[in-house]
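What follows is a set of notes on a single structure, which appears directly below.
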Amino acid sequence: MPLAEATALAGAHLEEHDPEADRAALAQLAVWCEQFSPIVGLEDPDNLLLDVTGLGPLFGGEPILAEQILRAFHRRGLTIQLAIADTVGAAWAVAHYAKKVSYAKKDAKQVSDTFSVVPLGKTEEWLASLPIAALRLADETIEILSELGIQQIAHLMALPRDALASRFDPQLLQRLNQSLGLVPEAIVSHRPPPEFTAHVQLEYPTANRQALDHILAQLMPQITNSLFERQQGVIQLECEFQCEAGPPIRIHVGLFRASADAKHLLELTRTKLDHLALPAPIIAAKLSVLTSARLTSWQPGLFDDQSRREGRHQTALLVDRLASRLGRQSVVRAVPVPDAQPEFAFRYEPLTGVVPKRKDRESISLVRRVKSTKRLCCEIDSRPLNRSAAHPLPRPLRLEPAPIPLEVLSVVPNGPPIQFHWQSYWHRIAQSWGPERIQTGWWRGRYVQRDYYRVETTAGTRFWFFRRLADGKWFLHGVFD
Amino acid sequence: MSAAYSQILQSLQEKIHGLESARLPQGEFISTGFAALDRLLPQRGFCRGTLVEWLGSQGGAVGTLAAIVARQACRDGAAVVIIDPCNRRSPSAGYCYPPALFNLGFDPTQIIFVRSKNRKDYLWALNQSLACRGVGAVLSWPQALDDRAFRGLQLAAEKGGGLGLLVRPLSARGQPTWSEVQLWVETLPSFVRGESFPRLNNARSSAKGFASYKTAASSRSSLNQINTLRRLRIELLHSRGGKPGLSVGLELDDERGVLQESRSLHLACELAVAAGM
C-alpha cells in the first residue's frame, strides 16, 4: 500500500532505507561485541559472526556465554537470535531457521530473545530438519531444488555427492560441506590486519648507493619497531624503488625464521641491492612486509644449553644469508617421496619465505571446533639419528641429472655388462649386482622400464647402470662415490 | 760419550715435538666412529674447526666416507650443510642424491643443500657455511682452490668450529694445502678375477608408482655378502703433528654405512702402524 496510507493506518514512524548507515551501525556493534570474542565478522545486512573457540570455559559454559550475550544486547535495546555451533554454516542455519528453545529470564520478563546451542558432534542432526534456504544458497538453486521436491537439508544430504557436484552449482556442495565442517570456513574479521609499510619520497633523485643504504637504514627500524611491539617478525619483505623513468625496481627478501632484527634485514637487503643495476635515479623508496609470523621466543631454562640455542640462531642467519645471495631455490631441504623412479624419490623444498607451522595450532576459522591434528614443524630440531628404512637397496651418492648413454658389452644379450666405455676409457667390470627392475605405471606419462645394475670395475670403483627395456640401451645413472 | 749423544738426540726430539705441537689446533676432538680409522689420525680423531681433505677418484668411496664422518660429527643434531658439486663447466658432475644420504642414516630435516651457479658463489657459500657456529659439518666438492681461497676456508673453519670436509680429485695430491688432515682413499678390487660373477636374486620391483621391496638380505648367500663390501685403503698423506705415510685397509658396507677392519692382512700396513706407534 502507498506510504501515506500505511502511515495513517499504523501510525508508525517511517524512515528511508539507508544501507550505508545500517552497515556503519553493524560495524559499531561488531566493535562492541569484541568483549565476547576476539574475532568478529560482519555479514550483510544484519548478521554478526563471532568466533568463540575455546571461550566457553571462560564464561562457565557455552549456554552461560549465550545468556550473557543476550542480556548485553537486551540492555542495548536489541533483539537477537543467537546460535552456537561447530561451523559457521551450521550456526547461521540454526540462528535463522531453527525452532527456538524458549528461554525464561530470571526476572520473568517476557522476552522474545532465544538462543540455541548445538552440542558437539550433533551438527548433522540439527541441520537435517532445517529447510534448504538455511544453507545460504542462491535463489535459483533453492528454486530448482524445491521444484525437484527437496525441501529439507536431510533430503540433500541423502543424495550422492558426485551427483550434486555435476548437476548443480559448485556453491551448493561447498555450502553443504562448510555447514557440516568438511571444508573449513574462516570468519573474516571486520578489522583489517595492520599493514607494516614505510616509505619515503626523496627531494632529489639519486643513484648514489651510499645514499640508498642510508635511506634503507632509516626506513627499516620503522618497520621492525612496529613489528616488535606486536611480537611479529618478517618472513617476506619487499623493497620497492621508484625510478625517475621506467618501471619500479622490486627486491624480495625471504627469511628462514621470523626476525625483527633491523640489522639482519638490512644486511640481506643490501646483499640483494648490490647485485642490482639501477637504470635510472631513484625518487622514492618503500618497504613493505608481505608475510609476517610470530616471533619465536625462547624461555631460557635454568640448566639450558645456551650453545645449542645460539647454534640454531646462527644457522637460521646463515640460511637467510645464503638464500639472499644465491636465490630462494638454492638453499633447500630434501624430503623423501614414495616413488619408484629414482629421480623422483625425493623433493627439494626451499627453506626461506615459508611461515613455520606450530606443532599444535588451533584453527581459528570456525566457531567451535575439534583441535586440529599436529603438524610438522619445519625447524631444524635435534632429534637423535636413526636409520630410516627408506630403501633396503643401496643408492649411489651421486646421481647424474640426466642418464648418460653408454657403450656397453655384455656376454648375454639381456644379461649384465662386462665392459663399458666412459670418459674415453674402456673399463672392465669385475662384479655386478642386479637386476633391479623399476617400472612406473603407464598412467604417469613417461613410461619408465629399467633394469638397474650395480657394477664394480676392476679398479674397485662402483657405478649404477640401467638398461632401458624398451630398446635395450644402456645408461649410466649414478656413481657410488 | 754415547750418553751425551743420546741426550742431545732426546732434547732435539723434544724441541721438535714442542715446535710441532705448538701449531696443533685447539678444539674438541671427535672420533670418526671407527677405531680402525681413528688409529690413523693424530689425537685419535678429527679436530673441530679444521679442514679435512679427502682425495680419491670418481666412483671410489670418498664421498661416502666423508658423509659418514659428517654424520658422526653431527650426532648431537647440529646442521649439516652439503654444497652440491653442481658445476656448469663439467655438466656430468652430478649432484648429491638425498635418498642415498637418508640410507646412510641422516635425518632429512638436518641437511641443508646449497646449490650455486658459479665458482665464486660456491666458494662464498662454503666460506659462509664454515664460519657459522651452528653448523656441525660442511661437505663440499670444491673445484680449483688457490692458496688464498684455501687459507680463507681454513680461517673460516676455525671461526665456525665445525668440521670442513673437502672432497677433491687425485690431482690435488702433492699440492700445498691448508687442511689439517689429508687422506687418500684408494679402492681395491673386491675379489680376485677368475671367479664366477656372483649375482643377487633381488625381488622384482614392479611399481604402481610405489616400490615394494623384499629385504634382499634374506635371499643373499654368504659368499655374496662378503663380496658386497667395498675394500678400501686409506692413507694419511698429510697431517700436522702426525706421521704421514700410515695407511689402513678397511671394508665399507655401502648399505649400512659401516666401516670395518679388513679381513685380509696387509702386511705393509701392519708394519707401518707398528713402526709409527
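The numbers here are math on the coordinates, done by the rules we state, and not lab data. Treat the numbers as computed from the prediction; the structure is a model and nothing was measured. Here Cβ is always computed from backbone atoms with ideal geometry, including for glycine, and neighbour counts include all displayed protein chains.
To the nearest 20 debye, what is the magnitude of the charge dipole of region A:154-256 about its Cα centre, counting +1 on the Cβ of each Lys and Arg and -1 on the Cβ of each Asp and Glu?
Numbers: 7 positive and 10 negative charges, 91 e Å.
Charge dipole, region A:154-256, about its Cα centre: 440 debye, nearest 20.
The alpha-carbon of B:Lys159 sits under 14 angstrom from the alpha-carbons of these aspartates and glutamates, leaving out residues fewer than 8 places away in its chain: B:Glu28.
Between the amide H of B:Leu246 and those of B:Leu236, distances stay under 5 Å, these residues lying 5 or more places away or on another chain, with hydrogens modeled in the peptide plane. Our coupling estimate for region A:35-45, obtained by passing each phi through the Karplus curve with A = 6.51, B = -1.76, C = 1.60 and θ = phi - 60°, is 6, 9, 8, x, 10, 10, x, 9, 9, 5, x Hz, Gly and Pro reported as x. Select from region A:1-41 those GluC sites (Glu not before Pro) which occupy a DSSP coil region and have at most 15 other Cβ atoms within 10 Å, ordered by residue number. For GluC sites (Glu not before Pro) across region A:1-41 that sit outside H, G, I, E and B with at most 15 neighbouring Cβ atoms in 10 Å, the list reads A:Glu15, A:Glu16. Shielding by partners for peptide B:125-133, expressed as the average number of C-beta atoms from other protein chains within 10 Å of each residue's C-beta, is 4. The rule of thumb for compact globular proteins, 2.2 N^0.38 Å, goes into the C-alpha radius of gyration of chain A 1.42 times. Quick check for chain A: number of Lys pairs with alpha-carbon distance under 22 Å, counting only pairs 8 or more apart or on different chains? The result is 12.
Quick check: net charge around B:Leu163, other residues with Cβ under 14 Å of its Cβ, Lys/Arg +1 and Asp/Glu -1? Each step should come with its number before you reach the end.
Details: positive: B:Arg48, B:Arg71, B:Arg75, B:Arg133, B:Lys159; negative: B:Glu28, B:Glu53, B:Asp76, B:Glu158, B:Glu180.
Its environment carries a net charge of 0.
Straight-line cross-link reach from B:Lys243 at under 18 Å between alpha-carbon atoms covers these aspartates and glutamates, not counting any fewer than eight positions away in the same chain: B:Glu14, B:Glu20, B:Asp38, B:Glu53, B:Glu180, B:Glu235, B:Glu270. Name the aspartates and glutamates eligible as straight-distance cross-link partners of B:Lys120: C-alpha to C-alpha under 15 Å, and not fewer than 8 places from it in the same chain. Cross-link targets: B:Asp84, B:Asp146, B:Asp147. A convex hull fitted around the alpha carbon atoms of region A:163-269 yields 203 Å³ per residue. Please label the shape of region A:218-260 as rounded, prolate or oblate, based on the square roots a ≥ b ≥ c of the eigenvalues of the alpha-carbon gyration tensor (a/c under 1.5 means rounded; beyond that, a/b larger than b/c means prolate, else oblate). The shape class here is oblate. What are the trypsin sites (Lys or Arg not before Pro) within region A:1-107 that DSSP puts in a loop, where the Cβ has at most 16 other Cβ atoms within 10 Å? Answer by residue number: A:Arg76, A:Lys99, A:Lys100, A:Lys105, A:Lys106.
Pick out, in residue order, every one of the chymotrypsin sites (Phe, Trp or Tyr not before Pro) in region A:225-326 that is DSSP loop and has at most 13 other C-beta atoms within 10 Å; say none if there are none. Mind showing how you got there, number by number?
On the way: sites: A:Phe228, A:Phe241, A:Phe256, A:Trp298, A:Phe303; in loops: A:Trp298, A:Phe303.
Passing sites in region A:225-326 are A:Trp298, A:Phe303.
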